[in-house]
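Each value in this text was obtained by applying a stated rule to the coordinates, not by laboratory testing. These numbers were taken from a predicted model, which means no experiment stands behind them. For neighbour counting, all protein chains shown are included, and Cβ atoms are generated from backbone atoms with ideal geometry for every residue, glycine included.
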Amino acid sequence: MDSQRQSKLTLGVVVAATAVVVALVIALIVALASGGDDSDDTAAAPPPPSSPSEPAPSDSQPRGDETTDVDPTGRQVTVVDSIGGTPREQTGAPGQFPEGQEMVGAPEGLELQRVQSGATLMVSRSDGPDSVDDGVMTGYARSPGGAALMAANYQGLGMEMGGAYADFLTHFMPDQVAEDPEFIDEIRSRGAAANGRALTAAEGYQAPRWFKFGQCDENFCTVEAAMPSVAEAVGEVNITDVDPNEHPVLRVSLRWVGDQWEIISGRTLPPISSIDGSWSTWN
């Protein structure tokens with residue numbers, strides 16, 4: 001009984017951890033709907049220039065069923081025809097674990113992907129994911145980058161709160177989910193009610209832009225991910241639900257079990273008003 005109570009508490013925290021970011025997305029939708037009156041300058045920003053130091057693999061361009069778009073902050077996004085993301089061929093080596101508290105840079109070939117629900121996920125060509133198992137992207141590298149990519153996708157799919165998120169939790173939190181299957185059934189029902197397209201009105205939920213690592217080694221890793229603010233996405237807006245200049249922050253702790261990372265906990269931290277030098281910019 002104690003174990004079951006603990007699993008429900010853990011899964012409850014996992015779902016509640018997305019609440020602050022959900023509020024950001026709602027505020028973003030409202031701002032996008034009403035913030036374009038004052039100036040034509042709020043039109044979609046162009047994608048950022050590609051990095052000249054990053055090699056372009058032969059399959060780096062979107063496939064025939066994929067298109068290129070931008071997210072609300074102007075970052076390039078690949079729109080994929082899948083509910084859980086599309087892995088890419090791994091052409092680089094996974095990053096190394098930090099020896100202390102030094103920053104960890106973005107993995108090679110980092111790519112933002114907008115899936116069918118409107119959520120944005122993150123994939124790379126060096127730290128995974130590299131395969132799909134029952135619709136769930138798997139094969140996140142045993143590296144800080146692999147842990148961070150899983151944390152980002154846990155947050156992204158959590159915005160959809162439907163079948164894809166339930167599948168993700170089932171795969172990467174198997175013990176807790178097995179002890180509380182009714183909770184997962186509820187998540188699936190929410191997704192079915194929205195026809196799996198809960199976030200399309202936001203025209204691209206924003207993925208994290210900054211990462212910070214606590215203890216992180218080959219067996220355990222704690223990752224903090226910070227989001228762009230509403231103001232960065234749409235400019236100055238008059239909203240009261242959230243501070244448009246604050247960055248929501250999510251902390252995820254993972255452990256390596258067998259051949260994959262598994263999520264131990266996920267929780268929101270107090271939002272921050274500025275990004276200091278302790279954060280690594282990924283995109």
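Each of 114, 267 was scored by other Cβ atoms within 10 Å of its Cβ. Listed from fewest to most, they are 267, 114. Over all other residues within a Cβ to Cβ distance under 14 Å of residue 258, the charged ones net out to -3, with Lys and Arg as +1 and Asp and Glu as -1. Across every direction, the projection of the convex hull enclosing the Cα atoms of the range 74-157 has a mean area of 5.7 nm². Give, as a single signed number, the net charge of other residues whose beta carbon lies under 11 Å from the beta carbon of residue 249, with Lys and Arg counted +1 and Asp and Glu -1. After counting each charged neighbour, the total is +1. Hey, what D do you get for the range 76-122 in µm²/s if you plug the Kirkwood alpha-carbon radius into Stokes-Einstein at 10 °C and 1.306 mPa s? Roughly 127 µm²/s, to the nearest whole number.
Counting every pair of alpha carbons in the range 60-219, the share spaced more than 22 Å apart comes to 42 percent.
A simple rule links phi to the HN-Hα coupling: the Karplus curve 6.51 cos²θ - 1.76 cosθ + 1.60 with θ = phi - 60°, which for the range 145-157 gives x, x, 5, 5, 5, 5, 4, 5, 6, 4, 5, x, 5 Hz, with x for Gly and Pro. Counted by neighbouring Cβ atoms within 10 Å, the residues 265, 274 run from fewest to most as 274, 265.
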